[in-house]
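So the structure is just underneath, and the comments pick up after that.
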Amino acid sequence: MECVFGLVGNGFAIVAADTSAVHSILLHKNNEDKIMALDSHKLIAASGEPGDRVQFTEYVQKNVSLYQFRNGIPLTTAAAANFTRGELATALRKNPYSVNILMAGYDKEAGASLYYIDYIATLHKVDKGAFGYGSYFSLSTMDRHYRSDMSVEEAIELVDKCILEIRSRLVIAPPNFVIKIVDKEGAREYAWRQSVKDVTTASV
């Protein structure tokens, strides 16, 4: 039931993800951030089994940091995506990770980019992408309204349209989403779209 999607605009990339931590029919929390900052100019949004998602994204983050520490220069977004794909491919025949990834980043030379990496280690550079049941609605909405020269405001409006479609059409739709952006200024959280807030259970 997870929903992760992203797109590339004019000099920036945006990724959005639901914030529900779910197991079977239970919803554990509504504020689980599934988008991690790899470094100052890269974001990794992941969906999949919670243990695999957390463990693998942290593994990638630490290795990207280790490369920069050892060599004094950061990996490009393309290099980080290829490293991630390689690790998934190696694990595929040993102890595979059930995790799908959208990696967004900004490089001085290449500009903004978005990479689609699925659990069987398929890697594609894309303008827009999505994972989860929400992809049925977000991909069709982006196909209709996406333009490569979109401004940040237009892209956020499109993201909100995707979230509205998911909430309206998906039977078990996640209530809350987090939106993050990466551009020449760096990677940062842009906004939350919340229809349900976590309620603290009163102690008995």
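The values are calculated or read from the model by the stated rules, or taken from the named source; none is laboratory data. Please read these numbers as outputs of a predicted model, since none were measured by experiment. A quick note on method: Cβ atoms are made from the backbone with ideal geometry, for glycine too, and the neighbour counts reach across all protein chains shown. Note: accessible area is taken over every heavy atom of the protein model, side chains too, but ligands, DNA and RNA are not part of it. Shrake-Rupley method; radii C 1.70, N 1.55, O 1.52, S 1.80 Å.
Scanning region 150-198 for residues that are of a type in the set (Phe, Trp, Tyr) and either open to solvent by 10 Å² or more (accessible area, probe 1.4 Å) or out of contact with any strand residue (DSSP E or B) (no Cβ under 9 Å at 6 or more places or on another chain) (or both) returns 190, 192.
Do we find that residue 7 is buried (at least 24 other Cβ atoms within 10 Å of the Cβ), part of a strand (DSSP E or B) and in contact with a helix residue (DSSP H, G or I) (Cβ under 9 Å, 6 or more places away or on another chain) in this structure? Yes: the conditions hold for residue 7. Remark: residue 59 falls outside the filter, which requires a residue to be at pLDDT 95 or above, open to solvent by 20 Å² or more (accessible area, probe 1.4 Å), closer than 12 Å to residue 43 by Cα and among the aromatic types (Phe, Trp, Tyr).
Is one or more of the residues making up region 29-38 outside any loop (DSSP other than H, G, I, E, B), more than 30 Å from residue 170 (Cα to Cα), modelled with pLDDT under 95 and among the aliphatic types (A, V, I, L, M)? Within region 29-38, one or more residues are outside any loop (DSSP other than H, G, I, E, B), more than 30 Å from residue 170 (Cα to Cα), modelled with pLDDT under 95 and among the aliphatic types (A, V, I, L, M).
Checking each residue in region 39-56 for being assigned to a loop (DSSP other than H, G, I, E, B) and open to solvent by less than 10 Å² (accessible area, probe 1.4 Å) picks out no residue at all.
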